[in-house]
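Novice: Just dropping this structure here.
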Amino acid sequence: MNLTLPKLFTNVLPEPQAKAPVAVVDIGSNSVRLVVYDALSRAPTPIFNEKALCALGHGVAKTGQLSPIGAEKALAALRRFRTLISIMGVEDIYAMATAAARDASNGPAFIADASAAIGAPVDLLSGRREAELSALGVISGFHAPDGIVADLGGGSLELIDIKDTRVGKGISLPLGGLSLMDASDHSLRTAVKIARDALADVRMLTQMRGRTLYAVGGTWRALAKLHMRQRNYFLSVMHGYVIPAREAADFAGLVERVNAEALVAVEAVAPARRPLLAYGAIVLDEIIRKAQPKEVTISAAGLREGLLYERLSPPERREDPLLVAARALNDINARSPRHADDLCDWTDQFMQSARFEESAEERRLRHAACLLADVNWRAHPDYRSEQSLNIVANAAFTGIDHPGRCFIALAMAYRYLGIDADVNPQIRALVSPRLLDRARLLAAATRVAYVISAGMADVLPRVPMSCTKAKLTLTLPRDLAALASDRLSNRLKQLGRLIGRETILAIGD
């Protein structure tokens, strides 16, 4: 007997268009860095990242010239970067230099040598342009940011106000770690006075009260890493790490007073950067004292990411970087990538019919979790929950804070372990009770969805799940009636208990 099964879905997808990688070379006062990104997109992923600590700006504040040793190291690094770029076949190269080369009398000669070494013209940024690109970087990396961007380099500090996608006028101050060290003649007490005097008349800082200070730059990331280690913080992702302002000021005061080598977990900071920690702490402390922000948020996105964001088209800029990154992972790793869109729509309908209050932020996090729901199916079943936690908690996502990361990780973990499982308490501690409840709710719904669809597209639209005031009903069309089983019924009942509804598994059109 020949048995013909109905054609339920089609999983043939168009071939994605390949995008070319892009390289950004950043010649700073303290470090020279090459970052190669996979493509020019709303969520660019670094595929190669290397820096050389050259201290190019050491002594500029005193001598007015770039350090000869630093210049030699920088040019050697640039020649190495040129070879690496050639090996990777990257044709789109952008090189830029900041405060040290801008302020030094021999800066123009160095720029010419640097252009020859990297094989591309080096753009010498003004202080205002540097601030603007740093602001665009933060805008590209955060969802609806509101505050002041403070980009601390080796030679200068850039400050600029941002709100959503609006960028104010930036300023540049000679308060970079190397500049402050040189100007103060290695005296921390003198450095405090220099920083305080320089910030005294910055009117922009009076507009920060109760808002966020977005901290950009390697020295402040190093300080945040030490703060993380002292707290025994669970996540290792730096981007989006938040420190309450008072706590940040107290910690900065500690770093000012204590020898860097005596700090807990100082081994996590490169030896060449440790002497700058106290000077970075001084500037941070003085900004907090004057501006009184609500919190300090660390941004891993800055100058380089701002440059890429600026080059995007207006429609691309409006895309959500979290959803773009989640979709890219889904398209690469999921069994049936279009199933994720089905799951987004299916849970939309369920949430609407249940009349659960859901903010715009909660909805985008739910959609991101749906897009990531099947990215680790190749892992051994016993370890899928653990891998889900690792993927989401440590992925190079932007446009998401740490509680948001933990929500998605929990939703994926509960899906595999069950909604009553004792999932990692350190991750649970980073989400609110409401987000924890929503993670369990989404996991319970997803457990129903995968029993029906086996992770394949075009099934969920035919199997609606809806709520009334007292009942939760899942309806199977007649040609899928054989999907009804004890396993499906038990998972539906589990979801029903979670939302306080009686469950019905119906067969019909």
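The values are calculated or read from the model by the stated rules, or taken from the named source; none is laboratory data. Since this is a predicted model, take the numbers as computed values, not measurements. All Cβ positions, even for glycine, are placed from backbone atoms using ideal geometry, and neighbour counts span all protein chains on display.
Novice: Identify, please: which residue in the range 391-402 is of a type outside the set (A, V, I, L, M) and modelled with pLDDT of 80 or more and is, among those, farthest from the chain's Cα centre (by Cα)? Full working, then the answer.
Specialist: Taking the range 391-402 and keeping what is of a type outside the set (A, V, I, L, M), we get 394, 397-399, 401-402.
Checking the rest, the ones that are also modelled with pLDDT of 80 or more come to 397-399, 401-402.
Numbers: PHE397: 4, THR398: 3, GLY399: 6, ASP401: 8, HIS402: 9 Å.
Across the range 391-402, the extreme among qualifying residues is HIS402.
Novice: Quick check on this structure: which one of PHE110, PHE81 is within 19 Å of THR63 (Cβ to Cβ) and either crowded, with 22+ Cβ neighbours inside 10 Å or of a type in the set (A, V, I, L, M, F, W, C) (or both)? Reasoning before the result, please.
Specialist: Numbers: PHE81 fails: within 19 Å of THR63 (Cβ to Cβ).
On inspection, the qualifying residue turns out to be PHE110.
Here is a yes/no grid of residues against (1) of a type in the set (Gly, Ala, Ser); (2) part of a helix (DSSP H, G or I):
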position: ASP161; (1), (2): no, no
position: MET181; (1), (2): no, yes
position: ASP185; (1), (2): no, no
position: ALA191; (1), (2): yes, yes
position: ILE194; (1), (2): no, yes
position: TYR214; (1), (2): no, no
position: THR219; (1), (2): no, yes
position: ALA222; (1), (2): yes, yes
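Novice: Among the listed residues ALA301, ALA272, which satisfies the condition of being closer than 22 Å to ARG128 by Cβ and in a loop (DSSP other than H, G, I, E, B)?
Specialist: Among ALA301, ALA272, only ALA301 is closer than 22 Å to ARG128 by Cβ and in a loop (DSSP other than H, G, I, E, B).
Novice: Being acidic (Asp, Glu) and crowded, with 20+ Cβ neighbours inside 10 Å narrows it down to one residue among ASP374, ASP422, ASP382, ASP401; which is it?
Specialist: Values: ASP422 fails: crowded, with 20+ Cβ neighbours inside 10 Å; ASP382 fails: crowded, with 20+ Cβ neighbours inside 10 Å; ASP401 fails: crowded, with 20+ Cβ neighbours inside 10 Å.
Criteria check complete, one pass: ASP374.
Novice: Is it fair to say VAL448 is among the β-branched types (Val, Ile, Thr) and not in a helix (DSSP H, G or I)?
Specialist: When the stated conditions are applied, VAL448 does not pass them.
Novice: Within the range 343-357, how many residues turn out to be closer than 21 Å to ALA470 by Cβ, surrounded by fewer than 18 Cβ atoms within 10 Å (Cβ to Cβ) and under 28 Å from the mean Cα position of the chain (by Cα)?
Specialist: Residues meeting the conditions: 1.
Novice: What is the residue count in the range 308-352 for residues that are of a type in the set (A, V, I, L, M), in contact (Cβ under 8 Å) with a residue 24 or more places away in the chain and farther than 20 Å from TYR37 by Cα?
Specialist: 3
Novice: If I ask for residues that are within 31 Å of the chain's Cα centre (by Cα), acidic (Asp, Glu) and in a helix (DSSP H, G or I), which ones from the range 101-154 would you list?
Specialist: If the condition is that a residue be within 31 Å of the chain's Cα centre (by Cα), acidic (Asp, Glu) and in a helix (DSSP H, G or I), then GLU130, GLU132 are the ones that fit.
Let's see how each residue does on (1) within 22 Å of MET456 (Cα to Cα); (2) in contact with a Ser or Thr (Cβ under 6 Å, 6 or more places away or on another chain):
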site: VAL375; (1), (2): yes, no
site: ARG378; (1), (2): yes, no
site: ASP382; (1), (2): yes, no
site: SER385; (1), (2): yes, no
site: THR398; (1), (2): no, no
site: ASP401; (1), (2): no, no
site: LEU417; (1), (2): yes, yes
site: ALA421; (1), (2): no, no
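Novice: I'm trying to understand the selection: among the residues of the range 52-88, which are in contact (Cβ under 8 Å) with a residue 60 or more places away in the chain and either in contact with a Pro (Cβ under 6 Å, 6 or more places away or on another chain) or not in a helix (DSSP H, G or I) (or both)?
Specialist: Selection gives LEU53, ALA55, LEU56, GLY57, HIS58, GLY59.
Novice: Consider ARG434 against the criteria (1) surrounded by 20 or more Cβ atoms within 10 Å (Cβ to Cβ); (2) over 30 Å from ARG378 (Cβ atoms): it satisfies all of them except one. Which criterion is unmet?
Specialist: (1)
Rundown of residues vs (1) modelled with pLDDT of 95 or more; (2) farther than 30 Å from ALA183 by Cβ, yes/no style:
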residue: THR45; (1), (2): no, yes
residue: LEU56; (1), (2): no, no
residue: THR63; (1), (2): no, no
residue: SER67; (1), (2): no, no
residue: ILE87; (1), (2): yes, yes
residue: ILE93; (1), (2): yes, yes
residue: ASP123; (1), (2): yes, no
residue: ALA131; (1), (2): yes, no
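Novice: Being of a type in the set (A, V, I, L, M, F, W, C) and in a loop (DSSP other than H, G, I, E, B), is that true of even one residue in the range 414-422?
Specialist: Pass one, the range 414-422, residues of a type in the set (A, V, I, L, M, F, W, C): 417, 419, 421.
Filter once more, so that each one left must be in a loop (DSSP other than H, G, I, E, B): 419, 421.
Yes, there is a match, as at least one residue in the range 414-422 is of a type in the set (A, V, I, L, M, F, W, C) and in a loop (DSSP other than H, G, I, E, B).
Novice: If you don't mind, another one. Within the range 485-502, identify whether any single residue is among the acidic types (Asp, Glu), closer than 16 Å to ALA354 by Cα and within 35 Å of the chain's Cα centre (by Cα), and answer yes or no.
Specialist: Looking only at the range 485-502, we keep the residues that are among the acidic types (Asp, Glu), and these are 486, 502.
Cutting the leftovers down to closer than 16 Å to ALA354 by Cα gives us 502.
After this cut, where a residue has to be within 35 Å of the chain's Cα centre (by Cα) as well, the list is none.
Looking for residues that are among the acidic types (Asp, Glu), closer than 16 Å to ALA354 by Cα and within 35 Å of the chain's Cα centre (by Cα), one finds none in the range 485-502, hence no.
Novice: Another one. With in the same structural domain as LEU173 (by TED's automatic domain parsing), in a helix (DSSP H, G or I) and buried (at least 19 other Cβ atoms within 10 Å of the Cβ) as the only criterion, which of GLU261, GLU267, GLU256 stands out?
Specialist: GLU256
Novice: Could you give me the residue pairs with C-beta distances under 7 Å whose first residue belongs to the range 429-442 and is touching a residue at least 12 places away in the same chain (Cβ under 8 Å), whose second residue is of a type in the set (Asp, Glu) wherever it lies, and which are 6+ apart or on separate chains?
Specialist: ARG438/GLU362
Novice: Residues in the range 296-307: is at least one closer than 22 Å to LEU205 by Cβ, in contact (Cβ under 8 Å) with a residue 60 or more places away in the chain, hydrophobic (A, V, I, L, M, F, W, C) and in contact with a Lys or Arg (Cβ under 8 Å, 6 or more places away or on another chain)?
Specialist: yes
Novice: Okay, moving on. Test each condition in (1) under 19 Å from VAL266 (Cβ atoms); (2) in contact with a Phe, Trp or Tyr (Cβ under 8 Å, 6 or more places away or on another chain); (3) not in a strand (DSSP E or B) for MET238 and report the one that comes out false.
Specialist: MET238 satisfies all of (1) under 19 Å from VAL266 (Cβ atoms); (2) in contact with a Phe, Trp or Tyr (Cβ under 8 Å, 6 or more places away or on another chain); (3) not in a strand (DSSP E or B) except (2).
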